[in-house]
1. Which ³J(HN,Hα) values, rounded to whole Hz and listed in residue order, are derived for segment 59-73 from phi using the Karplus coefficients 6.51, -1.76 and 1.60 in 6.51 cos²θ - 1.76 cosθ + 1.60 with θ = phi - 60°, glycine and proline given as x?
2. Could you grab the relative contact order for segment 125-235? Cα pairs under 8 Å, six or more apart, rounded to a whole percent.
3. What three numbers, in Å, describe the spread of the alpha carbons of segment 169-313 along their principal axes, ordered from the longest?
4. What order do you get for Glu74, Glu368, Glu151 when you list them from fewest to most C-beta neighbours inside 10 Å?
5. If you rank Ile87, Ile312, Ile256 by fewest surrounding Cβ atoms within 10 Å, what's the result?
6. Label-point separation (nm) for Gln299 and Thr103, each offset 7 Å from Cα along Cα-to-Cβ?
7. Take each of the peptides 162-175, 344-357, average the number of other beta-carbon atoms within 10 Å over its residues, and list them starting from the highest.
8. When mean projected area of the Cα convex hull in nm² is calculated directly from the model, which label among [x] 27.4; [y] 24.4; [z] 19.6 fits?
Amino acid sequence: MNWRKSLFIAAALMATSATSFAQDNLINALKNNVSDKSKDGFVFTQVINLGNTSIKDQGSSGTCWSYSGNSFLESEMIRLGKQPVEISQIYTAYHTYLEKAKTFVRLHGDQAQGEGGQLHDVLTIFKKYGAVPQEVYTGLREGQTRNNFSEMTNILQSVNQSIVKNKKLTPNWQKAVTGVMDAYLGVPPQNFTYKGKNYTPRTFADQVIGINPNDYVGITSFKDHEYYKPFVLLIQDNWSFESFYNVKMNDMTSIIDNALQNGYTVAWATDVSEKYFSWKNGVAFVPEKEIESMTKDEQADLFNGPKKEASITEEQRQQAFDDYSTTDDHGMHIVGIVKDQNGKEYYIVKNSWGATNDYKGYIYVTKEYVRFKTISILVHKNSIQKEIRSKLGI
């Protein structure tokens with residue numbers, strides 16, 4: 001099969017940064033992926049629904065990776081018996097953009113910029129800079145109620161590009177980068193009071209959130225790399241050149257299933273810019289028949305209840321990545337499983353686009369879609385079954 005994206009999606013996404021997709025642009029690209037009676041056509045029964053915090057809205061920003069990664073950490077707090085706190089997603093993004101600028105400069109500008117990142121960036125920043133509660137650092141300036149990074153991003157990119165044109169850098173260039181972010185997002189707090197106690201970002205991360213960032217691993221699956229070995233995933237937003245463990249395609253869903261069955265949620269990076277991903281209807285699957293060969297009536301009925309799915313192979317998954325049919329669009333958070341009226345299982349996926357769809361901010365995604373379109377997952381290493389951990393050497 002040739003699961004090519006439609007031209008209208010490609011054109012809409014070309015308008016954004018090459019390495020990040022602000023929520024508004026991506027939702028606009030998916031606006032036609034809607035059927036009229038979808039919710040009446042599906043009957044979902046809950047199988048597993050693990051603790052997770054409220055639905056958030058990332059606004060007009062390419063920070064899905066920070067929202068989903070921090071949502072994952074909030075669920076880890078619940079799993080550990082802690083009272084969850086909303087972690088500042090913009091604190092994470094601020095320091096990620098600083099670290100990203102350092103890499104950009106060290107590579108003399110030969111790297112993608114933009115608002116995008118990877119799920120592991122949340123742990124990288126947690127380890128180096130700590131974390132703060134969202135209530136003490138929102139990233140919103142006076143009069144703002146919603147993130148909007150467009151102006152800041154354009155200026156940051158211009159500053160970074162100007163810096164690398166110098167034959168010799170001064171020690172002040174990082175102040176130029178943080179100065180732009182301070183102007184748009186505010187200066188991150190170095191000390192603050194939370195529930196009557198004083199903290200620094202480091203003590204808050206260690207004492208309140210209380211996770212060990214070394215306990216988490218990134219998993220992916222690509223046939224052209226050796227299985228059960230780590231490799232550097234070559235996607236633009238992997239600016240830190242982190243390694244991911246490579247497993248077989250079906251292992252990805254078995255790892256997710258094992259995690260959920262044992263009380264662990266999963267952070268998920270994936271491609272959502274497909275005609276068979278409906279944000280409005282809250283369902284995603286891989287239809288047996290190519291959409292381009294469907295009649296208009298079949299297309300109109302696409303999300304009006306369960307449909308037969310294609311069976312994806314490892315070769316198809318690899319080809320879709322190699323020919324740009326699968327792209328690194330979005331990060332979300334897998335928190336459970338439901339079954340439809342035919343007994344097929346779907347993952348419950350928490351999004352960060354507000355409670356604006358049929359399932360109030362959640363989407364139900366089939367396992368075949370996850371096998372086909374996943375870029376990577378982030379999991380606690382103990383959530384992986386022993387036989388796979390043994391193969392990975394972790």
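1. Coupling constants for segment 59-73: x, 8, 7, x, 10, 3, 4, 6, 5, 6, x, 6, 4, 4, 5 Hz.
2. 34 percent
3. Dimensions of segment 169-313 along the principal axes of its Cα atoms: 59, 43, 37 Å.
4. Glu151, Glu368, Glu74
5. If I rank by nearby Cβ atoms, fewest first, I get Ile312, Ile256, Ile87.
6. 3.8 nm
7. Output ranking for 162-175, 344-357: 344-357, 162-175.
8. Given [x] 27.4; [y] 24.4; [z] 19.6, the calculated one carries the label [z].
None of the figures in this text is laboratory data; all of them are computed from the coordinates on show. Every value quoted in this text rests on a predicted model; they were computed, and no experiment measured them. Ideal geometry is used to build each Cβ from the backbone, glycine not excepted, and the neighbour counts take in all protein chains shown.
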